[in-house]
Amino acid sequence: MIEVRDGAFLLQTRTTSYWFALTQHGHLEHLHYGPWLPAQDPSALRVKRTIESGASVVYSPDDTSYGLDAIPLEYSGIGQGDYRLSPVEVHTAHGADLDLVYRDHRVLAGTVPSGGLPTADGGPGVQTLEVVLADERAGLELVLLYTVFPDIDVITRRAVLRNRGGSVAEIAKLASFQLDLPDRGYTIRTFDGGWIHEAHAHDRPVSSGVFSTGSTTGASSARHNPGTLLFAAGADENHGWAYGFNLVYSGNHETSFERDQHGSVRVMAGIHPQAFRWPLGPGEEFETPEAVLAFSAEGLGGLSDRMHRFVRAHITPAAQRDVPRPVVYNSWEAAFFDIDEKRLAKYANQAAKLGVELFVIDDGWFAGRTDDTRALGDYAVDAKKFPNGLKPLVERIAKLGMRTGIWVEPEMVSEDSELYRAHPDWALRVPGKPAREGRHQQLLDLCNPAVRDHIVEQVGSLIDDNGFSYVKWDMNRHMADAYSPHVAHPGMTAHAFQLGLYEVLDRIFGPRPHVLLEMCSSGGNRFDLGMLRWAAMIWTSDDTDPIERLDIQQGTSYLYPQSVISAHVSASPHQQTLRDTPLSTRFNVAAFGCLGYEYDLDFLTPEEKREIVEQIAFYKEHRELLQFGRFRRIPSGRRGRVIWQVGEGDAAIVGNFQRGVRAAPERDLLPVAGLHPGVVYRVDAKPQRIMLDRLGALVNHVSPVRLDPNGLVMNVVSKRRSLPDGVEGYTGTGELLAAGIRLEMQFSGTGHNEALRMLGDFGSTLYTVVREDSL
Ligand code: GLA
């Protein structure tokens, strides 16, 4: 709900309030963003000023205590005495001087759509406040848009700059939002990394000066995700004040946090200003990406829940939003470029038997694509590998009861390709400079309408001609040669590229809402809310080692729900780390996302097949909970131990993961959160298998005959026999389970029985929690 009274603007959600008010000089003073407050006289929240601050610049000679440097503002300008970082820099005949004062406002039902950028969908009770600020002298008008999502406790913000003057104004910076908060001993959490180590959480205290994080790679990038958190002293997973910020954008971005001399913290985020220029002609306007803001007084867990619900209900494509994501088989880690009809048909037969629902043909299917040095841009089927085209394979897969998906990388071109030979000018290229390649490829110039038309036609007909119901859209290099002759200023290229990409996605997938789009960028190099407006899920990382994934998926979970986190089980030792992990753990981690397998199915042992069949059946049975249930990171209190929970109320699933074993392991406690008090629940470990070769010579303690651990017999037996693992069951009320179950002992070198938990290094267990009266 939005209430405007006596120059004060109060934005209310179910549990939060956002409040700002006009000052007597027409600036917008920020009053409060935090727990819900009833409407009232806001004077107590205003910054107090009765005397002029030393060394300050006063705004007006007849009001000497009015210095903008000390006032929390909704959106600052330049040159008026506020010396904190400004969200805006626009060059006009008056230089960058800008004084933004209130002109007008209106409250609208629903959201305000953008003219080319992705924005969140509306829903029940959603309203938008539009506040117009202006600087008459500069001939500029700035519209601040606040959209309130009351049920989900989220507010989105963006800004639109209009040139009302008679000459060109050049934008050098325009942040999506600014938020000035009183300092509460904040910590900033960012999610950083790179290829195969995305989304690792890093904390640092807010202290004097500016901390900034962002991307200048042309994409949102895995270096620093656009989503960040800010939490007050004392806050943890379940308690305390926590803010979350994100951008519905996939290009260069920057978020900065500045603590000033008065103990105020200024947060802002938007398009990264480095090398950015946008000339705005008279009568033109420029809009920023939409920023997402959330607050929770229930710590980081509460904050994640709000962000998850927001992404699920307002960001992911409407037609796919509530549709359970299928269990996928992907050919990449199984065969890389070495695929053909025979090999894939064989995998398809095997995958269908395991319970897979969607079969994905990854890279390597089109003519000339024998490795990553060539052929990007030419999406004609390789007639040697697929003499009958792809259609017969798609039909065969359909007969097996599965859908088929295809890999493409449409934003790129290899120099060794028909497309490049025909249109060398279609690649982004700085005149006179040799191309800087990444993975032997160049970016197509999506600022060029002819390139956009080509991609739309190419990918559209690929989907239609073969009946694909899924596309894995990849993007494997960063932008380096950011120059396009199709924009008015080179500084527009990176952002215009994004607008071009969004237009292309709209034109391809808008008319084909049934097609499930999975975004990928060398793994999670473009994991952002912009992509999620078209993609129902994103390939989280090329790292499929489950122990690495504990960090990657946990980092991602702060701002993105499990239903968009694509997670696959692959062969061990892992291609990325050489770490050897149990098949059970590979599944147990991937189950907290959209499950898939990337495996050479020819080499599965009968015992592994049996386990995978059971894993997929378990996943399908609990898919609603696993993909859409409330996610919690349960503090384990112990290094190396990770506990995740999905679901609450009537049913939940809890995963308990051990990174490394210690001799004589401590006794483990498993708390289950969010259950009904007084209701009795049954908790059972999901049955899984421990493969005999994991036991080595210890096998002789359980085997009736003596086996050589390195011998042929052992080799044969371990492919066909395994030990049951995870034979545990408990009961208790919601309160008891919240206090924590004391789990069965772990193996500690003194013997073996079925109840012992055989975790070892990288071991894990999933527990199902159901109301006993539902059994
Ligand atoms: C990227 C992706 C992989 C795979 C390859 C194919 O690395 O992240 O999943 O699709 O490209 O070349």
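The values are calculated or read from the model by the stated rules, or taken from the named source; none is laboratory data. These figures come from a predicted structure and were not determined experimentally. Cβ coordinates were reconstructed from backbone atoms using ideal geometry, including for glycine residues, and neighbour counts include every protein chain displayed. To get the accessible areas, we keep the full protein, side chains included, count just its heavy atoms, and leave off ligands, DNA and RNA. Shrake-Rupley method; radii C 1.70, N 1.55, O 1.52, S 1.80 Å.
Points worth noting:
- Along the axis of the charge dipole computed for the chain (Cβ charges of +1 for Lys and Arg, -1 for Asp and Glu, origin at the Cα centre), the listed residues LEU73, MET412, GLY729 are led at the positive end by GLY729.
- Heavy-atom accessible surface of region 483-597, averaged per residue, reaches 21 Å², computed with a 1.4 Å probe.
- Nitroxide proxy distance, nm - points 7 Å out along Cα→Cβ at ASP338 and ASP6: 7.7 nm
- Expressed to the nearest 5 percent, the antiparallel share of DSSP beta bridges inside the chain is 80 percent.
- Placing pseudo-labels 7 Å out from each Cα toward the beta carbon at THR187 and ASN238 gives an inter-label distance of 1.7 nm.
- Sorting the segments 716-727, 558-569, 289-300, 51-62 by their mean number of nearby beta carbons within 10 angstrom, highest to lowest, gives 558-569, 289-300, 716-727, 51-62.
- For region 623-722, the share of accessible area belonging to carbon and sulfur comes to 53 percent (1.4 Å probe, ligands and nucleic acids excluded).
- Most simply put, region 406-554 has about 35% antiparallel DSSP beta bridges, counting only bridges with both residues inside it.
- Extension reserve of the ARG667-ARG164 stretch, reckoned as 0.36 nm per residue once the Cα distance is removed: 174.2 nm
- Rounded to the nearest 20, the Cβ-based charge dipole of the chain about its Cα centre (Lys and Arg +1, Asp and Glu -1) stands at 1760 debye.
- Less than 5 angstrom separates the built amide H of ILE690 from those of LEU723, ASP725, all sequence-distant by 5 or more or on a different chain.
- Region 696-775: relative contact order as a whole-number percent, Cα under 8 Å and 6+ apart: 21 percent
- Point-charge dipole on Cβ atoms (K/R +1, D/E -1) for region 544-699, about Cα centre, debye to 20: 580 debye
- From phi via Karplus (6.51, -1.76, 1.60), per-residue ³J(HN,Hα) for region 715-722 in Hz, x at Gly/Pro: 4, 5, 4, 5, 7, 10, 10, 8
- CYS447 - accessible surface, heavy atoms, 1.4 Å probe, Å² rounded to 10: 10 Å²
- Within a straight-line Cα-Cα reach of under 30 Å, LYS391 can be paired with the following lysines, leaving aside sequence neighbours fewer than 8 residues apart in one chain: LYS342, LYS346, LYS353, LYS399, LYS472, LYS609, LYS620.
- Positive-end residue of TYR619, HIS478, PRO282, charge dipole of the chain with Cβ unit charges: TYR619
- Computed over Cα pairs, the Kirkwood radius of region 145-288 leads via Stokes-Einstein (1.002 mPa s, 20 °C) to a diffusion coefficient of 129 µm² per second.
- Accessible surface, per residue, of region 111-156 when the full set of protein chains is kept, probe 1.4 Å, Å²: 27 Å²
- The 3J(HN,Hα) values that the Karplus relation (6.51, -1.76, 1.60; θ = phi - 60°) gives for region 156-172 are, in residue order, 10, 9, 7, 10, 10, 9, 10, 8, 9, x, x, 9, 5, 10, 10, 7, 9 Hz. Gly and Pro appear as x.
- Tilt relative to the chain, helix 493-509 - C-alpha long axis, 0 to 90 degrees, to 10: 50 degrees
- Seen against the Cα atoms of the chain and their longest principal axis, helix 341-354 is set at about 80 degrees.
- Extreme residue, positive dipole direction of region 1-51, given options LEU45, GLY7, ALA21 (C-beta unit charges): LEU45
- Between helix 606-621 and the chain there is an angle of about 40 degrees, using the helix long axis and the longest principal axis of the Cα atoms.
- Of the solvent-accessible surface of region 132-274, computed with a 1.4 Å probe over protein heavy atoms with every protein chain present, carbon and sulfur atoms account for 48 percent.
- Counted residue by residue at 0.36 nm each, then reduced by the alpha carbon distance between them, the extension gain from GLN261 to THR750 reaches 169.9 nm.
- When each of the peptides 126-139, 523-536 is scored by how many other beta carbons lie within 10 Å of its residues on average, the order from highest to lowest is 523-536, 126-139.
- On the beta carbon distance between ASP104 and ALA450, with R0 = 60 Å, the FRET formula returns roughly 0.90.
- Close amide-amide hydrogen proximity is noted between ARG403 and LEU358, PHE359, each under 5 Å apart and 5 or more residues distant or on a separate chain (H modeled in the peptide plane; Pro and chain starts excluded).
- Residues with amide H under 5 Å from that of ILE171, placed H, sequence gap 5 or more: HIS91, TRP278, LEU280
- Assuming charge only on the beta carbon of Lys and Arg (+1) and of Asp and Glu (-1), the dipole of region 286-381 about its Cα centre is about 380 debye to the nearest 20.
- Karplus-derived HN-Hα couplings along region 373-389 (A = 6.51, B = -1.76, C = 1.60, θ = phi - 60°), whole Hz, x at Gly and Pro: 8, 8, 6, 5, x, 9, 9, 9, 4, 6, 6, 6, 6, 10, x, 9, x
- If you wrap the Cα atoms of the chain in a convex hull and average its projected area over all directions, you get 35.7 nm².
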